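Read through the structure below, which is laid out as structure tokens, and then see the notes.
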Amino acid sequence: MKPIKTIVFFGIAVLLVQCSLIAQSLDKRPNIIMIFSDDHALQAISAYGSPHIKTPNIDRIASEGAIFKNTFVTNSICAPSRAVLLTGKYNHINGQYDNRNETKINTGQDMYPKHLQQHGYQTAWIGKWHINNLPQYFDYWKILPGQGLYYNPDFIQMDSSRVRIDGYTTDIITEQAIDWLDKGRDKTKPFSLVIGHKAPHREWQPDTKDLNAFDGKPFAVPDNFFDGYKGRNAAAHQDMEVKNLRWDWDSKVNTQDLPFVKRMTPEQRQAWNQYYDTENAKLDTSRMTSKEIALWKYQRYMHDYMACILSLDRNIGKVLDYLTKKGLDKNTIVMYSSDQGFYLGEHGWYDKRFMYEQSLRAPFVMKYPGVISPKTVIEDMVVNIDFAPTLLDIAGIKAPADMQGKSVLPLTQKTKPVKSWRKSMYYHYYEYPDPHRVLPHLGIRTERYKLILFYGDGSHSWELFDIKNDPDEMHNIYGQPSNRKLTSQLKKELNQLMIQYKDKEGLKILAKAP
Ligand code: CA
């Protein structure tokens, strides 16, 4: 190499290194942590007024930032909701209609992590994933296979190998996430990390250290626990009643031969058996009425579900504490949500799927230091299609035109009220037949009313609720002469939403159901 060329070559090299250092130091875009759990009902979060439990760490995110009081999902079931999170689109567009093994996200479509990656973010997903496609557009991932296990879970790693890690899954997922934050990530880039939790998904297996937390405190029973489903045929048709929970897997009676107990370490098994054997010894079903059995199962269900939440909330606290300790808290947004809500005995149920309030809603709290004022309360209707555009907006990236949601950030700024925000949302559930026998349905929820069309099995039925006067959705007022005008307005608006969101199959179903 000649001297002049050598000087030019080194000059360019020095310039490139300098540019790259400047770029690194100038990238002050915030880090984003989304903690995403599975089946966490608002009724089990104190920031939402839970009568059952205190969740100080989720509440901490809400009090340091914003709580979204009205967040809804487009389809209240696990994999479809996760696909909405990734794509910002309804399931009839993204392809993940249901939870079945053969259902997959349409390949080649936009997902928010793709755009974050392209714009210099490092992207990661750790923990429960629960979509049949493997993660795409994540620089790092380590996921539970399928539903994953509560005790001593296996993880799938990026090289396809599997590793078993002993311990309780909520702790381990948190440890894996903190480990990546500490040692795994590229510290020259902003990051976007999803911490996906298995808890509190069925079969609600608590950490042994939380088993005695509710001793002597029975859980309040919802007023409509013994719902007779009058005027609501689809609600009567389901199979998701607490009274029918399985004695062994769900209610933890005689669990000694179940695979998850056999998988436990001797210490875990001893603590598990000590608690459940002692409690189960007090049970004598021969002296109980069917109502008493239903109520006993309800108490056991609530105990196990809530104990899972104690661990979940404690582990969210560990992440918040880590960020503070490392000085990352000032420039890291923390969001918490779940793939849908859940029934905690309302209508006599566990599970989700229905468009009724408890499973239509999802929790959503978010802290964004310096941008969202502490204790911000947002009443506007947010839908889970809004998550992906919000994540892109935070990073200063324009959402692709085919994403169907909108960034929620403008809602958090009180000085500039948002005038054109949605006043109604569209819902469509598909999975049928399924052991829970929830008929497919679609519907609209406005600020006050909800209109649902159940279809499938060759028939259809409508339900209409006035949520203001009937918040428990016990009185189907569809077909009453005084509601004719309201019904026709809602049908028109439903039709418009379906056109807006391009649900062609749904429109055909609607056209056949006068
Ligand atoms: Ca779920």
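Brief remarks on what is shown
- Distances between placed amide hydrogens fall under 5 Å for Val253 paired with Asp248, all partners being 5 or more residues away or on another chain.
- Taking the longest Cα principal axis of the chain as reference, the axis of helix 3-26 is set at about 30 degrees.
- Using every pair of separate Cα atoms, the Kirkwood estimate puts the hydrodynamic radius of region 426-512 at 13.6 angstrom.
- Ranking Gly216, Ala271, Val194 by Cα position along the charge dipole of region 192-289, where only Lys, Arg, Asp and Glu carry charges on their C-beta atoms, puts Val194 farthest toward the positive end.
- Within the accessible area of the chain (1.4 Å probe), percent carbon and sulfur: 54
- Relative contact order %, region 426-512, counting alpha carbon pairs below 8 Å whose residues are six or more apart: 19
- Assigned charges on the beta-carbon of Lys, Arg, Asp, Glu; region 217-299 dipole about Cα centre (debye): 60
- For region 373-381, the Karplus equation 6.51 cos²θ - 1.76 cosθ + 1.60, evaluated at θ = phi - 60°, returns couplings of 5, x, 6, 6, 10, 10, 9, 4, 6 Hz by residue, with Gly and Pro reported as x.
- The heavy atoms of Trp247 present about 90 square angstrom of accessible area, all protein chains included, probe 1.4 Å.
- Estimated at 0.36 nm per residue, the fully extended path between Glu102 and Val371 surpasses their Cα-Cα distance by 92.6 nm.
- With all protein chains modelled, accessible area of Asp223 [1.4 Å, Å²]: 150
- Applying both filters, DSSP loop and at most 16 other Cβ atoms within 10 Å, to the trypsin sites (Lys or Arg not before Pro) of region 316-362 gives Lys326.
- HN-Hα J in Hz across region 452-469 - Karplus 6.51, -1.76, 1.60, θ = phi - 60°, x for Gly and Pro: 10, 10, 8, 9, x, 6, x, 9, 9, 8, 9, 9, 10, 10, 9, 5, 5, 8
- Asn469 paired with Asn224, simple spin-label distance in nm, labels 7 Å along Cα-to-beta-carbon: 1.5
- The residues of the chain expose, per residue, 42 Å² of accessible area to a 1.4 Å probe.
- The chain: antiparallel DSSP beta bridges as a percent of all, rounded to 5: 50
- Listed values for region 312-319 are Karplus-derived 3J(HN,Hα) couplings in whole Hz (6.51 cos²θ - 1.76 cosθ + 1.60, θ = phi - 60°), namely 4, 5, 4, 6, 5, x, 4, 5, and x replaces Gly and Pro.
- The alpha-carbon atoms of the chain define a convex hull whose volume equals 179 cubic angstrom per residue.
- Centroid-to-centroid, using Cα positions, region 404-444 and region 238-307 are 35 Å apart.
- In terms of its C-alpha gyration tensor, region 180-243 comes out oblate, because a/c is 1.5 or above while a/b does not outweigh b/c.
- Remark: accessible surface ordering of Arg29, Arg232, Arg484 (largest first) is Arg484, Arg29, Arg232, probe radius 1.4 Å.
- For the chain, the residue among Thr174, Gly108, Ala83 whose Cα projects farthest onto the positive side of the dipole built from Cβ charges is Gly108.
- Here r is the Cβ-Cβ distance between Lys416 and Asn132 and R0 is 45 Å; the resulting FRET efficiency, rounded to 0.05, is 0.60.
- Measuring between alpha carbons in the structure, the pairs from Lys209/Lys282; Lys330/Lys406; Lys28/Lys89; Lys492/Lys512; Lys69/Lys330 lying more than 23 angstrom apart are Lys330/Lys406; Lys28/Lys89; Lys69/Lys330.
- Put simply, the amide H of Lys128, placed in the peptide plane, has neighbours under 5 Å in Leu144, Gly196, His197, Lys198, leaving out anything fewer than 5 places away on its chain.
- Computed with a 1.4 Å probe on the full set of protein chains, the accessible area for His52 sits at about 30 Å².
- Once both labels are positioned 7 Å from their Cα atoms along Cα-to-Cβ, the gap between Asn233 and Ser482 label points is 2.5 nm.
- Residues whose amide H comes within less than 5 Å of that of Thr123, counting only those at least five positions distant or on another chain, are Asp139, Tyr140, Ser192 (H built at 1.01 Å from N in the peptide plane).
- Between 0 and 90°, nearest 10: helix 266-280 axis offset from the chain longest Cα axis: 30
- Relative to the dominant Cα principal axis of the chain, helix 78-87 is inclined by about 30°.
- Ranked from largest to smallest solvent-accessible area, with a 1.4 Å probe on the protein heavy atoms, Glu346, Glu279, Glu379 come out as Glu379, Glu279, Glu346.
The values are calculated or read from the model by the stated rules, or taken from the named source; none is laboratory data. Predicted, not measured: the structure shown is a model, and the values here were computed from it. Cβ coordinates were reconstructed from backbone atoms using ideal geometry, including for glycine residues, and neighbour counts include every protein chain displayed. In case anyone asks, the SASA skips ligands and DNA or RNA and just uses the protein heavy atoms, side chains included. Shrake-Rupley method; radii C 1.70, N 1.55, O 1.52, S 1.80 Å.
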